[in-house]
Amino acid sequence: MNLRDELARLDRAWKIERQAARDRFVEERKRTTLDERVDAGIALAGLSLDEDAPAPGDRTLLWFKPGRGANLRDLRLGPGDPVILWRTAPDEEDAVRGVIARKTQERIGVMIEQDSSPESLWDPGVRLDREAPEVTFDRGFSAMRTVGELPPRSEEHGRFERLFALAAPLPKVGADDEPTWFDTALEQDQRLAVRRALRSELSLVLGPPGTGKTRTLAELVRQAVARGERVLVTAASHTAVDNLAERLVRAGVALVRIGHPARVSEEMEHHTLDAQLERAESAKLASEWTREAEALRHRLAQRMKRGAVSREERAQAKSEINGLFASARRVTKDTQRTILHGATVIAATAAGADAWQLDGLAFDRVVLDEATQAPDPIALVALLRATKVVMAGDPFQLPPTVIAKEAVDEGLSSTLFERLAAGAHASELVTLLRVQHRMHAELMAFPNQQTYSGQLVAAPEVASARLEELPNIRADEARPGPFVLLDSAGRGWDEERDGDDPSTRNPSNAARIAAEVRRLVSRGVSPTDIGVITPYNAQVRWIRDALDDLLGAGLEVSTVDGFQGREKLVIVVDLVRSNDLGEIGFLADVRRMNVAITRAKRWLLVLGDGALMARHPYYSALNKHAERTGAWVSAWSDEAEPLVL
């Protein structure tokens, strides 16, 4: 196998996946009514365009208000998700494609790739559906094409042969000297990972849950900057980019975060390119021109309502408005270049590493976090940016999302990180972080033995930290340990589906999960410290409805993907599945379960049907572990009433 063959394989897989994504959304819209998609949280109806505003890159941000009775809370789409706006049919000629940029309780913002809002969207009654991620696929194809065009004997061609594990890594450069550490509390493994990365063209950091992967990468970036390098910080998801960027900012590193402000965390908003643009002096002139254009458009709209404007006057006014917007965009683009060229650290998603704002910028090093979640074409988008590469991840957590079985067969679900970490030169490339700082030792025990071959060690400060040791939290005699496996076998809490919705739900489980959460709150646990994880979107909606009053107080209910890379004091996991056929669906990918049960710091409850769990080796082992350690509790034992004060 050579690099050309690998790229050909990837190209086939990426084409298959793109077509599968397109077909999936087309079929979804054919198979379901708009009302059904709205109920499922993947569409909106009755939208009215409330505001539009020019955005960098000759784009426009459209703000829509939902119709009466619509609920944006249950919309499963968020910033970065591609959508299509339509009136009569999604495939109509006037349909407009865009990306969700922001979402509030009252409005939703959609970014479109044109410099003004189409007139067809200004009348009420706009519909919104999710759409296939065309831009992401385009960027993947572009990256593969760029790699494929590298001269065969060039240094860059050789670098990608090494990235694809087709050639031995280059020897490390220089002595393994001890740097002057910025973070003096780093552990031995973390320091080793930084030293090896600084000396290497290619380095991998394997970071199991809670082992300080982000902290290690932050130190690496600080060391690289101190050596005069410009660093591009990337990850497969916005959340992971922000986690690393936030740590760097707290350490005093000046950086620029690429991406729509609403896609980033609240802490990072001040550091986005947009926010830094707003603070620039030149932005005041652009804002003045924009306000003038908006005022002209408002006056034109008022005159048009009265019928007091001719076709010629309308065309002249439109030309003046567009000219003001164009001037504002030109000034904005020039200011963007100035800000980015002065930055030593820039943060973006892996796919976002191909953003037009970065054109012409050179980087010395690229850091790719969540490398085990990035399919190879998207990883290549980031890895093309610099000759020095550090990838970090954990192949035992969430894999890349691949929907086409044929693409899986072509190897799209296998990542560069995984193949390098399993290859002949793994010992030269990979540094394993072994000390975890998140979980109580009893919470760590099962994933450590089942998934990490017993290599993890709980740091002293978390090893015996109990929930009831915190102020104002009472002990619960019926659930005394940090881990509870609640077995619903025999209760008759069967799963179900609603019509054509492929997502599984279990109303009885949802009711019991709600009771357990309320019991935790009665102990004194704040809703903000509780996360509820369930693998199915339909179950997320049921649990949210049952705990609606606590959502406003900070309780989080989400899928496994929503909690990747995060942690909570308390985690409650609902497995949902309960049937006589032994079917567990995508729970069979135990990497998802590994993520779910490693989010908790001090207390974890898992609700599942023990009879069904016994049919799968992983879940059977979890059940036996719970029985052996005294964590097993029958759902028949009580109804989880709140503790009496």
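The values are calculated or read from the model by the stated rules, or taken from the named source; none is laboratory data. Keep in mind that what you see is a predicted model, and the values were worked out from it rather than measured. All Cβ positions, even for glycine, are placed from backbone atoms using ideal geometry, and neighbour counts span all protein chains on display. Accessible surface areas use protein heavy atoms only, side chains included; no ligands, DNA or RNA. Shrake-Rupley method; radii C 1.70, N 1.55, O 1.52, S 1.80 Å.
The residue list ILE339, ILE321 contains one member that is more than 21 Å from the chain's Cα centre (by Cα), under 22 Å from ARG385 (Cα atoms) and assigned to a helix (DSSP H, G or I), which is ILE339. Under the condition of being without any contact (Cβ under 8 Å) to a residue 40 or more places away in the chain and not in a helix (DSSP H, G or I), which residue from segment 427-454 is least open to solvent (accessible area, probe 1.4 Å)? For segment 427-454, the residue satisfying everything is GLY454. Residues in segment 72-101 that are farther than 28 Å from ASP561 by Cβ and either part of a strand (DSSP E or B) or open to solvent by 50 Å² or more (accessible area, probe 1.4 Å) (or both): ARG87, THR88, ASP91, GLU93, ASP94. I'd like to check something: does segment 353-375 contain any residue that is outside any strand (DSSP E or B), of a type in the set (D, E, K, R), under 15 Å from LEU10 (Cβ atoms) and in contact (Cβ under 8 Å) with a residue 60 or more places away in the chain? Looking for residues that are outside any strand (DSSP E or B), of a type in the set (D, E, K, R), under 15 Å from LEU10 (Cβ atoms) and in contact (Cβ under 8 Å) with a residue 60 or more places away in the chain, one finds none in segment 353-375, hence no.
Can you report the number of residues in segment 112-126 which are charged (D, E, K, R), touching a residue at least 24 places away in the same chain (Cβ under 8 Å) and under 17 Å from GLU294 (Cβ atoms)? Within segment 112-126, residues that are charged (D, E, K, R), touching a residue at least 24 places away in the same chain (Cβ under 8 Å) and under 17 Å from GLU294 (Cβ atoms) number 1. Entry remark, segment 569-593: residues being assigned to a helix (DSSP H, G or I) and either open to solvent by less than 30 Å² (accessible area, probe 1.4 Å) or not small (Gly, Ala, Ser) (or both) number 6 in total.
Residue-wise test of (1) more than 30 Å from GLU156 (Cα to Cα); (2) open to solvent by less than 20 Å² (accessible area, probe 1.4 Å); (3) outside any loop (DSSP other than H, G, I, E, B).
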position	(1), (2), (3)
ASP11	no, no, yes
GLU36	yes, no, yes
SER48	yes, no, yes
PRO54	yes, no, yes
PHE64	yes, yes, yes
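Taking the criterion of being farther than 14 Å from ALA489 by Cβ, hydroxyl-bearing (Ser, Thr, Tyr) and open to solvent by less than 20 Å² (accessible area, probe 1.4 Å), the residues of segment 594-645 that qualify are THR598, TYR618. Residues that are open to solvent by less than 20 Å² (accessible area, probe 1.4 Å) and modelled with pLDDT of 95 or more were ranked within segment 485-508; the one that is nearest to TYR536 (Cα to Cα) is ASN506.
So for segment 399-406 (the condition being touching an Asp or Glu at 6+ places or on another chain (Cβ under 9 Å) and assigned to a helix (DSSP H, G or I)), does at least one residue qualify?
Yes, the conditions are met somewhere in segment 399-406.
Those helices (runs of 4 or more DSSP H) of segment 131-200 in which at least 2 residues are more than 25 Å from GLU6 (Cα to Cα), considering only elements entirely within it, cover 188-198.
Among the residues in segment 255-276, are any open to solvent by less than 40 Å² (accessible area, probe 1.4 Å) and basic (Lys, Arg)? Yes, segment 255-276 contains a residue that is open to solvent by less than 40 Å² (accessible area, probe 1.4 Å) and basic (Lys, Arg). Counting the residues of segment 196-249 that are of a type in the set (S, T, N, Q) and open to solvent by 40 Å² or more (accessible area, probe 1.4 Å) gives 2. Scanning segment 509-552 for residues that are modelled with pLDDT under 95, part of a loop (DSSP other than H, G, I, E, B) and among the small types (Gly, Ala, Ser) yields a count of 1. Only residues that are in a loop (DSSP other than H, G, I, E, B) and either open to solvent by 20 Å² or more (accessible area, probe 1.4 Å) or not hydrophobic (A, V, I, L, M, F, W, C) (or both) were counted across segment 455-472, and they come to 6.
The condition (being surrounded by fewer than 14 Cβ atoms within 10 Å (Cβ to Cβ) and over 22 Å from the mean Cα position of the chain (by Cα)) is satisfied by just one residue among LEU150, LEU170, LEU166: LEU170.
The residue list ARG18, ARG22 contains one member that is open to solvent by 80 Å² or more (accessible area, probe 1.4 Å), among the charged types (D, E, K, R) and touching a residue at least 12 places away in the same chain (Cβ under 8 Å), which is ARG22. Among the residues of segment 390-414, just one is β-branched (Val, Ile, Thr), open to solvent by less than 50 Å² (accessible area, probe 1.4 Å) and over 17 Å from the mean Cα position of the chain (by Cα), namely VAL390.
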